[in-house]
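The next block holds one structure in the form of structure tokens; read it before the comments.
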Amino acid sequence: MFVKAPTDIVSLDNILPEEPLLMMGAGPVPIPARVAAANSIVINHLGDTMSQIIEQVKSMSRYVFQTESRHILGVAGPGSAAMEMAVVNLVAPGDTVLSICNGFFSHRLSEMAERTEAKVIRFEVEDGFCADVEQVAQLIAQHKPKVLTIVQGETSNTVYNRHLPAICKLAKAHDCLVITDAVCTLSTMPLAMDEWGVDAVITGGQKGLSSIPGVSLVAFSEQAWSLIESRKDTLRHWCLDARLADQFWYKKSYHYTAPVSGILAMHEALRLICSETLQGRFERHERCSLALQGAIEALGMSLYVEPDSRLNSVVGINVPNGTTGPEILALMSAKHRVEISGSFGPNIIRIGQMGEQCRTHHLFRTVHALGSSVKELGVNVDLPAGVAELEKRLQK
Ligand SMILES: *Cc1c(COP(=O)(O)O)cnc(C)c1O
């Protein structure tokens, strides 16, 4: 007996909305047309064309990560696979790891370290705040960790670890390697891998870089790479083994069939970043995000995180009394075709400001959709004031 083909399947045309929703949540983000076009192409993963593309991806990545490192690897997988690749290659069973925990993703890094059977010290930072340098210094001195994990921008609760450069410096002084998750922040705000002394920088495709989900990058420093090369034990992860991945990324040989379309998409996303320049891109993100934050406050709503720890790449907004996050999200999608995010913990909604989300026309549509929806749900907000503030701040 064969298993019968299902008879109730409809084509994607019947499922997808006629006009795509504007993706203004915490990722994935809208992708440029060039990225989408590249993503529709399949080529030989080991041919000369691919190797030329790989060379360019690595060279553009060095600029975007601000590193001279020759150990930037692509990963077929989500940002989490890149996180896991950084952790399992640098952390061996029995090692001491200090995990700065101030959100959902930093806890994920600590859990990954724990699964490699490391001894994990968690520094639980109060929700809504960035990690304090003095406290980190004490913990490093006390525990002498081999590796420290930290998230530059916590997408989950919109906290920005502003003191990352100082924390890296401290870690270096104690010969401790630093793994930094920059999934939502890379190319949206400064991260100088070499200058700050970060040993592994992780990014995904679908957030800061404005590419597709499912293809990620991780950059290792020279020091991190020497450690990887000196390991005598066999990694339990085959796909995520950096030495095996090196075969494809640097030696034109076979590890697994690379996600060619996604790498082509990444190529285009990186090329657009290089032509915009990091400086131009950082300025665009800052201007757009601050204008959005100002507009939200002018509406009469409040932001979750205080300015000192506030992330610009994702903006967290307190859910006003009298309504709920899911109600606001549902109305914004159904009526205004704008999608934003809820949260995994605090009672907030989140608007992304990553890559293509930072465009003025998207901001006007989003502020209107938010203000108008919240108003319809019975909350007293001043929509004209919000839109006027947005315009005023964008003019600056
Ligand atoms: C989204 C995100 C991740 C995880 O990326 P996935 O592609 O969902 O695995 C990790 N860290 C941060 C900061 C993120 O924003």
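A cut-off of 5 Å between modelled amide H atoms, ignoring neighbours fewer than 5 places along the same chain, links residue 121 with 97, 98, 99.
Converting phi to 3J(HN,Hα) with the Karplus coefficients 6.51, -1.76 and 1.60 and the offset θ = phi - 60°, the range 381-396 yields 10, 9, 5, x, 5, x, 5, 5, 5, 4, 4, 4, 5, 6, 5, 4 Hz in sequence order, with x at every glycine or proline.
With the Cα gyration tensor of the range 238-297 giving a ≥ b ≥ c as the square roots of its eigenvalues, does the rule (a/c under 1.5 for rounded; else a/b larger than b/c for prolate; else oblate) give rounded, prolate or oblate? Here the range 238-297 falls in the prolate category.
For the chain, the longest principal axis of the Cα atoms and the long axis of helix 48-65 meet at an angle of about 70 degrees. Close amide H contacts of residue 310 (hydrogens built in the peptide plane, cut-off under 5 Å, sequence separation of 5 or more or a different chain): 160. Any idea what angle helix 360-376 forms with the longest principal axis of the chain, computed on alpha-carbon atoms, 0 to 90 degrees, nearest 10? Roughly 60 degrees between the two axes.
By the Cβ distance rule of under 4.7 Å, the chain has these cysteines without a partner: 101, 130, 168, 176, 184, 239, 274. The listed peptides 218-229, 251-262, ordered by packing as a protection proxy, come out as 218-229, 251-262 (highest mean of other Cβ atoms within 10 Å first). Principal-axis analysis of the Cα atoms of the chain puts helix 104-115 at an angle of about 20° to the longest axis.
The reciprocal of the average 1/r between distinct C-alpha atoms defines the Kirkwood hydrodynamic radius, which for the chain equals 21.9 Å. Backbone phi angles across the range 262-268, fed through the Karplus curve with coefficients 6.51, -1.76 and 1.60 (θ = phi - 60°), yield HN-Hα couplings of x, 6, 4, 4, 4, 4, 5 Hz in residue order; Gly and Pro are listed as x. In the structure shown, the pairs 146/232; 119/251; 207/375; 119/252; 207/392; 172/252 are assessed against 25 Å; a Cα-Cα span above that value is assigned to 119/251; 207/375; 119/252; 207/392; 172/252. Placing +1 on each Lys and Arg Cβ and -1 on each Asp and Glu Cβ, with no other charges, gives the range 85-192 a dipole about its Cα centre of roughly 320 debye. Most mobile of 125, 319, 147 per a Gaussian network model of the chain (Cα springs, under 10 Å)? Judging by the Gaussian network model, the answer is 125.
What is the dipole size for the chain, taken about its Cα centre, with +1 at each Lys and Arg Cβ and -1 at each Asp and Glu Cβ, in debye to the nearest 20? Working shown, then result.
Numbers: 35 positive and 42 negative charges, 111 e Å.
The dipole of the chain has a size of about 540 debye.
Name the residue from 292, 186, 324 whose Cα lies farthest towards the positive end of the charge dipole of the chain, charges +1 on Cβ of Lys and Arg and -1 on Cβ of Asp and Glu. Most positive-ward Cα: 186.
Placing unit charges on each Cβ (+1 for Lys and Arg, -1 for Asp and Glu) gives the range 245-295 a dipole about its Cα centre, and among 267, 278, 249 the Cα reaching farthest toward its positive end belongs to 249. Assign one of three labels to the range 203-328, namely rounded, prolate or oblate, based on the Cα gyration tensor with a ≥ b ≥ c the square roots of its eigenvalues; rounded applies when a/c is under 1.5, prolate when it is not and a/b is larger than b/c, and oblate otherwise. The shape class here is prolate.
Rounded to the nearest Hz, the phi-derived 3J(HN,Hα) couplings of the range 152-163 under the Karplus curve 6.51 cos²θ - 1.76 cosθ + 1.60 (θ = phi - 60°) are 5, x, 7, 3, 5, 10, 6, 9, 10, 7, 4, 8, where x marks glycine and proline. Taking amide H positions as modeled 1.01 Å from N, with prolines and chain starts lacking one, the residues under 5 Å from residue 303 and 5 or more places away or on another chain are 318.
Computed from the coordinates by the stated procedures, all read-outs in this text should not be read as laboratory data. Just so we're clear, the structure is a prediction, and the values are computed from it rather than from any experiment. Note: ideal-geometry Cβ built from the backbone for every residue, glycine included; neighbour counts use all protein chains shown.
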